[in-house]
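The values are calculated or read from the model by the stated rules, or taken from the named source; none is laboratory data. Treat the numbers as computed from the prediction; the structure is a model and nothing was measured. Here the Cβ positions follow ideal geometry from the backbone for every residue, glycine too, while neighbour counts run over all protein chains shown.
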Amino acid sequence: MPVTLKEVAKRAGVSRSAVSRTYTKGASVSAKTRAKVMEAASDLGYSPNVLASSLTTGRTKLVGLISDNFHNPIFLQVFDRFTKRLQDKGLRPLLINLSGETDPEQSVRLLQQYSADAVIVASSTLPMSFAQSFHNAGMRVVHSFGRHTSTPKVHVVGIDNIAAGMLAARTLVEAGYKRVGMMAGPASATSTQDRLAGFLQVMREHPEVETTTSFASAYSFDAGRAEMGRLLSGRFAEAYFCGDDVLTIGALSAAQSKGLHVPDELGLLGLNDMEIAAWENVALTTIHNPIDQIVDASIELVVGMLDGTNQSPEARLFDCHVVERDTLKRR
């Protein structure tokens, strides 16, 4: 049987409430009493029951971690960083897989049932209203990788996707391409809409460059391969900004299947700079998305809300930059 708080109290010669205060953040307990409790707990092998303490503190330390695209390998990095950093802060992630769902009602209800202390919506594709639904239900929420706005209703952390699209367009123009395209993700995704808007904004400044656009059905390898295969069956561009690394790797696979040499016969530019992009057999030229910084800032905001600070919604933006590898002509 697990060691109980009562047994620790008896061993330390203190009250049960003294043991409870020792393990309650911010509670008043003398250094002498704390030392006695910690020594007794160590001798007995005691660990506090987190679920039981939540009844006293009103805090479960559960943080809902929600995403809608588990098919994209970038989220292996995202969740690895999130779960480690949350655990470092003494918080426990509760992972929710939306995959195909856009209605927040079920997720809100589930997190309420578990009395989650906060929610992180980790998605670049969901609308702002999705994260706001948790706020409307009285929950603390951060939208990581969310759509930037100067007047956020919840905390938003990420990149400016319009600026990322502009950077992609300038990169292709500066590389000397005269026929460029954007092979975007699904048209309904907010990240697609903003990256495309930025891309086209720059391309309108260069009427001498022929520009085309198309959409893949999802942010996935298979969708990227299928859409690039379709494009390559007709008159295709000299280079494509594919909107996302996993789409770009799918496009690279389609080009290789057609016997095209990248970047001599077809240039490809991704976005995210996920780990796979740097593999030697991929060597993808891409736009770096500062994932670690975004995750750390998101958790900082969650901790601040739990501590009673960072209550007013704010938008935190991080800069992107191009990482040159082997799928695009050097500028």
Any chance the stretch 260-274 includes a residue that's over 26 Å from T83 (Cα atoms), assigned to a helix (DSSP H, G or I) and free of Cβ contacts under 8 Å to residues at least 24 places away in the same chain?
-> no
Reported set for the stretch 210-244 where residues are part of a loop (DSSP other than H, G, I, E, B), farther than 16 Å from G259 by Cα and of a type in the set (F, W, Y) is Y219
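Residue by residue, here is whether (1) loosely packed, with under 14 Cβ neighbours inside 10 Å; (2) on the phi > 0 side of the Ramachandran plot holds:
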| site | (1), (2) |
| --- | --- |
| G229 | no, no |
| G234 | yes, no |
| G243 | no, yes |
| A251 | no, no |
| N289 | no, no |
| V302 | no, no |
| M305 | no, no |
| R316 | no, no |
| T327 | no, no |
Residues of the stretch 19-33 being more than 15 Å from S47 (Cα to Cα) and of a type outside the set (D, E, K, R), in sequence order, are G26, A27, S28, V29, S30, A31, T33
Listed by range, strands (runs of 3 or more DSSP E) wholly within the stretch 62-132 having at least 2 residues that are surrounded by fewer than 18 Cβ atoms within 10 Å (Cβ to Cβ) are 92-97
Within the stretch 308-331, the residues that are aliphatic (A, V, I, L, M) and out of contact with any Leu (no Cβ under 8 Å at 6 or more places or on another chain) are A315, L317, V323
Within the stretch 3-28, of all residues that are under 26 Å from D307 (Cβ atoms) and surrounded by 18 or more Cβ atoms within 10 Å (Cβ to Cβ), the one modelled with the highest pLDDT is A18
Query - Filter pass, V156 being outside any helix (DSSP H, G or I), modelled with pLDDT of 95 or more, buried (at least 22 other Cβ atoms within 10 Å of the Cβ) and touching a helix residue (DSSP H, G or I) at 6+ places or on another chain (Cβ under 6 Å) - result: no
Q) Does T171 count as out of contact with any helix residue (DSSP H, G or I) (no Cβ under 9 Å at 6 or more places or on another chain), surrounded by 20 or more Cβ atoms within 10 Å (Cβ to Cβ), closer than 25 Å to G146 by Cα and polar (S, T, N, Q)? A) yes
Taking the stretch 71-106 and keeping residues modelled with pLDDT under 90, within 17 Å of the chain's Cα centre (by Cα) and more than 14 Å from L126 (Cα to Cα) leaves H71, N72, P73, I74, F75, L76, L95, I96
What do you reckon, is S253 in the same structural domain as S191 (by TED's automatic domain parsing), farther than 23 Å from D194 by Cβ and of a type in the set (S, T, Y)?
yes
